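Below is one structure, written out as structure tokens; comments come after it.
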Amino acid sequence: QCDRALYSEVMISTIERQERLEVIEGHIVDLIIEGGICYGAILATGEKISAKAVIITAGTFLNGLIHRGLEQTPAGRIDELPAIGLSERLQNLGIVVGRLKTGTPPRLDGNTVDFSKCEVQEGDQPPPYFSNRTDPQKQINQIYCFLTYTNEKTHQAIRENLDKSPLYSGTIKGIGPRYCPSIEDKVVRFADKSRHQLFLEPEGLNSSEYYLNGFSSSLPEDVQLRALRTIPGLEAVEMTRAGYAIEYDFFPPHQISVAMESKIVPGLYFAGQVNGTSGYEEAAAQGLIAGINAALKLRGEPTFKLLRSEAYIGVLLDDLVTKSTTEPYRMFTSRAEYRLSLRDDNAQERLLEKGYRLGLVGQPFYAGFLAGKEAQKHLIEYLKNEKITVIDTDNPGVTPKTITAYAALKNPGIDTLDYPVYAQVATRFGARTFNSLLSDIRYAGYIERQNRRIERQRRLEDYIIPFSFDYSRLIGLKKEASQKLTQFRPETLGQASRISGVSPGDIAVLMVYLHRA
Ligand SMILES: Cc1cc2nc3c(=O)[nH]c(=O)nc-3n(C[C@H](O)[C@H](O)[C@H](O)COP(=O)(O)OP(=O)(O)OC[C@H]3O[C@@H](n4cnc5c(N)ncnc54)[C@H](O)[C@@H]3O)c2cc1C
């Protein structure tokens, strides 16, 4: 968990300091559409803002409806007005609108929690920084999270009040996130479990408020409080805010291209929760790609695409446009088939060059990256010249072998902590550089096999399918495949191959036609 207030402060100041960026605060109620193309937005005040590209990032605000017990309040977030009218306008333009639901747990007053009854959850030491630009030596003040558990009494308090739950009384129609169920959902669906873990996460360094991760709920406020007070450490707890569920409109994402532009209304882009995702990283990744592509389009340059084999962002966007979604989508690492290569230690190798070419990475940082690549070459040379004696501790009878420190890394049985040379090179060349090399060497065989699969798949990505391609005239294409391809309008043969209902046989038929075209 990060400091919410500090984060917000830093981001506002970053936005304010950004050159050539004008911030206009206002409520968008309509779009300027001419000849089916989007040319700007209209504020509630009637003011028109012309733009060659518009990106909709309305989160949970479109026709947002908060549920707490059987009480319903139109809202975008708690205490914020919903956005009404925009969904209807988009629907009239032919864009399909769906309905989803998400929820949030209660916030607790830390002064009313008995932390001595909870387990301390310390952060990692040293803290792994999110960005490569952060100096790994930088020290920041860390505070603890805490762990506690629900019990049979908690579950009983919840079960007795399910009739007051909008989820179980049928009031909520939107589909919720499968992997972050509410506490009432967990109690019902996993009835055999006698407890569920709950994390108390501080909201900030200077805040006494705690976020109760794992206790998302839309039960009435008094029921939430009663259930909470059955939990060790929370016997006298006070809520600063009760949990709630929110239903909102979204636009099933098969309606956008990988550039995140609407396939129906050119000039209009969609990013974030409105595309059916849930989560900060998911939203940030989409905002980045939509922004890049809107700018590239204005400059008349080709779309910026990331493949599934290049980045998690590539997996996210490909899943959205080829599979669409009917429930809140979260970017789990398990969704990526090329996980061996999508590692945080090689993120720079995969993406920095692209960022630099787009003008998003400055020269000094890029120069540092190139120097790091040089350092890796020196590291390899160094390890190839250093000899170590390897002792097989499991088989003491085996004669110790002297091999190069580089060759030794190929042996998964070797613990690098046992050999001082590795600690020395990690200090000299950087722990990140060393760990990245170690992963590359250890998984070399698998990575090679994976690279062959990536290459085969990449060839399919080179086949571009024209937007107006008429699938109905293809002989040999299954009916389901023809329908799905017409609905999703994939941009490449690679995308087509990942649409459910499209078989390898259908791809072969399509390839023959594309060859002839
Ligand atoms: C209470 C809550 C807790 C959450 N906790 C977590 C968490 O712990 N971890 C996690 O990963 N995710 C969490 N999420 C999900 C995460 O916050 C969202 O998925 C993410 O913020 C979505 O980003 P977004 O940019 O798409 O939309 P939002 O962050 O919702 O931003 C939408 C913005 O659009 C503005 N807006 C909307 N309509 C209009 C309009 N018509 N005119 C002008 N402006 C408009 C709104 O004012 C708002 O600022 C939580 C969500 C909620 C609601």
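Computed quantities for the displayed model
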read-out: Every residue from segment 262-319 that is assigned to a loop (DSSP other than H, G, I, E, B) and either outside the structural domain of Gly94 (by TED's automatic domain parsing) or within 15 Å of the ligand (Cβ to nearest atom) (or both); value: Ala271, Gly276, Ser278, Gly279
read-out: Hits in segment 341-355 (condition: over 16 Å from Ser131 (Cβ atoms) and either in a helix (DSSP H, G or I) or over 18 Å from the mean Cα position of the chain (by Cα) (or both)); value: Glu353, Lys354
read-out: Sole residue being more than 10 Å from the ligand (Cβ to nearest atom), touching a residue at least 24 places away in the same chain (Cβ under 8 Å), over 24 Å from Phe199 (Cβ atoms) and not assigned by TED's automatic domain parsing to the domain that holds Tyr211, chosen from Ile37, Ile32, Ile24, Ile56; value: Ile37
read-out: Residue pairs meeting the criteria (Cβ under 6 Å; at least 6 apart or on separate chains; first more than 21 Å from Pro220 (Cα to Cα) and at pLDDT 95 or above, in segment 103-119; second assigned to a strand (DSSP E or B) and within 16 Å of the ligand (Cβ to nearest atom)); value: Gly110/Tyr210
read-out: Contacts under 6 angstrom Cβ, first residue in segment 259-271 being farther than 12 Å from Thr57 by Cβ, partner assigned to a loop (DSSP other than H, G, I, E, B) and basic (Lys, Arg), 6 or more apart; value: Lys263/Arg489
read-out: Residue within segment 119-142 that is over 25 Å from the mean Cα position of the chain (by Cα), among the acidic types (Asp, Glu) and either within 16 Å of the ligand (Cβ to nearest atom) or not assigned by TED's automatic domain parsing to the domain that holds Asp185 (or both) present; value: no
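The values are calculated or read from the model by the stated rules, or taken from the named source; none is laboratory data. Owing to the predicted nature of the structure, the values given are computational and were not obtained by experimental measurement. Reconstructed Cβ throughout: ideal geometry from the backbone, glycine too, with neighbour counts over all protein chains shown.
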